[in-house]
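The values are calculated or read from the model by the stated rules, or taken from the named source; none is laboratory data. Model, not experiment: these values are computed from the prediction. Neighbour counts run over all protein chains shown; Cβ positions are idealised from the backbone, glycine included.
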Amino acid sequence: MSHFQVLTIPDPRLRQVAAPVTKVDDEVRLLLDQMLEAMYEEDGGGLAAPQIGILKRIVVMDVEEDDSKNPIFMVNPKITWASENKIWKREACLSVPGVSAEILRSEEVEVEYIDYHNMPQTLKAGGWKGRCIQHELDHLEGKLYIDHLSPLKRQLILGKLKRVNRIRAHA
Ligand SMILES: [Zn+2]
């Protein structure tokens, strides 16, 4: 069992802006390890600290399609460039369980962050990795992928979410 439970909407902590981390020390590394464990346990491709109620600018992800593990740890990540070209892809979120929706985002982004060893890194990524970076960084601003939808589409998703949860509650 992991130490953390992933929060789901409408938990207000998912709507707060996370604070920067001063330094990646042993305490932060322990948190990174525990977040990764929680993410693998939930079968997610990415997890941001606010999703477990910790309002810090920390993200873990692993977007490998096969079973090989290739975790990326990002502290204080910041998107420094985003391609003008945008594409639609279906997204889901551990904090918005049971539903998914097509979201329009930049095809490629460049991100700067501090890594597991407190070293600055720059990463340019497209595909699922680029998509996941944009999704997870939104969490640090208290934003969810459904915020990118039109009000009508968002209502449809939230209605579906309520039905899914009702079925779960009765299961
Ligand atoms: Zn998410």
Every listed condition ((1) touching a residue at least 24 places away in the same chain (Cβ under 8 Å); (2) farther than 17 Å from residue 146 by Cβ) holds for residue 103 save (2)
If residue 103 meets every condition in (1) touching a Lys or Arg at 6+ places or on another chain (Cβ under 9 Å); (2) of a type in the set (A, V, I, L, M, F, W, C); (3) closer than 24 Å to residue 4 by Cα apart from one, which number is that one? (3)
A careful count of residues in segment 145-155 that are surrounded by fewer than 18 Cβ atoms within 10 Å (Cβ to Cβ) and either among the charged types (D, E, K, R) or within 12 Å of the ligand (Cβ to nearest atom) (or both) gives 3
Output the number of residues of segment 12-40 satisfying the condition of being part of a loop (DSSP other than H, G, I, E, B) and either hydroxyl-bearing (Ser, Thr, Tyr) or more than 16 Å from the ligand (Cβ to nearest atom) (or both). 6
Inside segment 100-127, the number of residues satisfying the requirement of being closer than 21 Å to residue 157 by Cβ and surrounded by fewer than 17 Cβ atoms within 10 Å (Cβ to Cβ) is 3
Do any residues in segment 1-25 that are touching a residue at least 60 places away in the same chain (Cβ under 8 Å) have Cβ atoms under 8 Å from those of residues that are among the small types (Gly, Ala, Ser) and part of a helix (DSSP H, G or I), where the two are at least six apart or on different chains, and which pairs are they? 6/38; 18/49
By residue number, the members of segment 56-104 that are out of contact with any Gly (no Cβ under 6 Å at 6 or more places or on another chain), aliphatic (A, V, I, L, M) and either part of a loop (DSSP other than H, G, I, E, B) or more than 13 Å from the ligand (Cβ to nearest atom) (or both) are 58, 72, 74, 75, 79, 82, 87, 104
Can you go through 114, 167, 133 and tell me which one is out of contact with any helix residue (DSSP H, G or I) (no Cβ under 6 Å at 6 or more places or on another chain), away from the ligand (no atom under 13 Å from the Cβ), at pLDDT 95 or above and among the hydrophobic types (A, V, I, L, M, F, W, C)? 114
Output the number of residues of segment 130-171 satisfying the condition of being of a type in the set (D, E, K, R), within 16 Å of residue 58 (Cα to Cα) and part of a helix (DSSP H, G or I). 2
In segment 1-43, the residues that are small (Gly, Ala, Ser) and crowded, with 20+ Cβ neighbours inside 10 Å: 18, 38
Restricting to segment 41-55, name every residue that is of a type in the set (Gly, Ala, Ser) and away from the ligand (no atom under 11 Å from the Cβ). 49, 53
